[in-house]
Amino acid sequence: MIAILEPFTDNSQISIYKNCLRMENAFCNHNGKIWVFWNHDVDCKVLDSDDQQVTCEFSHAELPSAFTTTFVYAKCRAHLRRPLWDKLLHHAAYQGAWCTIGDFNVITTTAEKKEGVPYNINKSLEFS
């Protein structure tokens with residue numbers, strides 16, 4: 001499986017990417033910011049999708065059980081990320097294997113900040 005976050009192109013291009021990546025299946029969320037690709041030997045069930053995340057359950061014949069992955073492309077503003085945090089808390093209650101990966105648009109330490117206006121670390125407390 002492969003996920004592309006913020007592809008900087010419209011959804012009509014997803015088939016071209018699918019072919020270039022040699023994948024048989026593709027899914028994109030409604031705002032086109034998260035694209036997920038997988039091959040025929042992987043069973044993918046999209047469990048949830050909104051403008052900041054896509055959650056999929058993946059299974060494969062050689063794996064003992066399915067696992068869930070949430071692909072994230074979070075909003076830049078903290079108050080717009082709040083629904084994402086609520087959604088992740090909901091998915092965290094899942095009883096099987098679950099991981100989340102992506103761009104959370106938040107830093108966990110001021111050392112991550114390069115140049116520009118000084119960062120208010122209080123903006124990151126909810127995430128860390």
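The values are calculated or read from the model by the stated rules, or taken from the named source; none is laboratory data. Small disclaimer: the values here were computed from a predicted structure and weren't measured. Here the Cβ is made from the backbone with ideal geometry for all residues, glycine too, and neighbour counts use every protein chain on show.
Please work out which residue is farthest from Phe67 (Cα to Cα), limiting yourself to the range 1-34 and to residues that are in contact with a Lys or Arg (Cβ under 9 Å, 6 or more places away or on another chain) and outside any loop (DSSP other than H, G, I, E, B).
Result: Leu5.
Using the structure shown, decide if Glu6 is of a type in the set (Asp, Glu) and surrounded by 15 or more Cβ atoms within 10 Å (Cβ to Cβ).
no
Checking Trp35 against (1) at pLDDT 95 or above; (2) in contact with a Phe, Trp or Tyr (Cβ under 6 Å, 6 or more places away or on another chain); (3) of a type outside the set (Gly, Ala, Ser), which single condition isn't satisfied?
The single condition Trp35 does not satisfy is (2).
Would you be able to tell me the number of residues in the range 27-37 that are surrounded by fewer than 19 Cβ atoms within 10 Å (Cβ to Cβ) and under 14 Å from Ile2 (Cα atoms)?
So the count comes out to 1.
I'd like to know if the range 93-101 contains one or more residues that are among the β-branched types (Val, Ile, Thr), under 17 Å from the mean Cα position of the chain (by Cα) and modelled with pLDDT of 90 or more.
There is at least one residue in the range 93-101 that is among the β-branched types (Val, Ile, Thr), under 17 Å from the mean Cα position of the chain (by Cα) and modelled with pLDDT of 90 or more.
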